[in-house]
1. Yes or no: the stretch A:2-13 includes at least one residue that is surrounded by fewer than 12 Cβ atoms within 10 Å (Cβ to Cβ) and part of a loop (DSSP other than H, G, I, E, B).
2. Which condition number does A:N41 fail, the rest of (1) modelled with pLDDT under 90; (2) assigned to a loop (DSSP other than H, G, I, E, B); (3) within 12 Å of DNA strand D (Cβ to nearest atom) being met?
3. Do any residues in the stretch B:53-65 that are under 17 Å from A:N103 (Cα atoms) have Cβ atoms under 6 Å from those of residues that are among the charged types (D, E, K, R), where the two are at least six apart or on different chains, and which pairs are they?
4. Please return the ranges of helices (runs of 4 or more DSSP H) entirely within the stretch B:46-147 where 1 or more residues are at pLDDT 70 or above.
5. Within the stretch A:89-111, work out how many residues are more than 7 Å from chain B (Cβ to nearest Cβ), closer than 17 Å to B:R95 by Cβ and surrounded by 18 or more Cβ atoms within 10 Å (Cβ to Cβ).
6. Out of everything in the stretch A:21-46 that is within 14 Å of chain B (Cβ to nearest Cβ) and in contact with a strand residue (DSSP E or B) (Cβ under 7 Å, 6 or more places away or on another chain), what residue ends up being farthest from DNA strand C (Cβ to nearest atom)?
Protein chains: 2
Amino acid sequence: MTGSSNYMTIGETAKRCGVATSALRFYEQKGLIHSARVSGNHRRYHRSMIRRIAVIQVAQSLGLSLAEINDALGSLPDQRTPTKKDWERLSADWRDRLDQRINILTKLRDNLSGCIGCGCLSLRRCKLYNPDDIAAESGAGPRFLFD
Amino acid sequence: MTGSSNYMTIGETAKRCGVATSALRFYEQKGLIHSARVSGNHRRYHRSMIRRIAVIQVAQSLGLSLAEINDALGSLPDQRTPTKKDWERLSADWRDRLDQRINILTKLRDNLSGCIGCGCLSLRRCKLYNPDDIAAESGAGPRFLFD
DNA sequence: GATTGACTTAAAGTTAACTTTAACTTTTAT
DNA sequence: ATAAAAGTTAAAGTTAACTTTAAGTCAATC
């Protein structure tokens, strides 16, 4: 255990990352992060876990489940700071996912706007203003806003 | 109960909207939708509930909780098809929310790209590649990707 | 040494959004 | 009339992502 400043207690790590200690224990149980143990069985997290936890938080903000994040983190090294190449490999996937999310939300926003601003040329075609639901053959659910 | 084609059984409604009957019962319990009852105590949903359920589904895709949706739907009429004005009132709020979501995701994606593509001029300033975590004073969590 | 704060564990609890179960009634089709 | 399908209810169950509890040990400080 060379250099105590490379290792932090669970409380220090939690504070540093803005998560609860219980969450850190939970993540470790799920295999997402790892710790060493000192003679009193207290955890010691390597500094590289800060970055790893940050990556978990980013992935969560993308809507990934912990299981999915665990899969993705399989491509990162456990015990050292990820290199640039490591990060590239991971974030390429996530950028695709982000692009898709942005596209869907943009389309949804545009469809909202279009129907509001009289962008629609036909009351028959505009399903939102089709009060008799004539377009029932289009399929179940609010197709008109997602398609 | 004029015009049986204005009312649908729970099965018909579920199929039409692409949701489960159990979800409809759940939403009704939560007060999000409403039904009439026939002599056998079977539910009958007015056609306007199709649109209302569609709105619920849209709001869910925005990440709103059912409680939040219930609040928002308070501004819509229960027993008739919402007018254009009704819809405008509701969707203005949601468009703001969509804009914010899109902005956050776009910023996140741009930060990912910037760091990958050597957009960063300083290894000290680029927190992602600051392996000794010198920027610890920036606050807890992955600030660099959200700010 | 004594006290307080930080740590440990396993297991139970919380929350939201449903789904399933069990036991029944009603409706539909033959 | 009968059988199958569709409907009813209350309550229990599921899931993911945690948090809290209960009961203890360890570490730091006086």
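The values are calculated or read from the model by the stated rules, or taken from the named source; none is laboratory data. All values derive from a computational prediction rather than experimental measurement. Virtual Cβ from ideal backbone geometry, glycine too; neighbours counted across all protein chains shown.
1. Yes.
2. With (1) modelled with pLDDT under 90; (2) assigned to a loop (DSSP other than H, G, I, E, B); (3) within 12 Å of DNA strand D (Cβ to nearest atom) applied to A:N41, the lone miss is (1).
3. B:L62/B:R97
4. Ranges flagged: B:48-61, B:66-73, B:84-116.
5. Qualifying residue count, the stretch A:89-111: 1.
6. Here the answer is A:H46.
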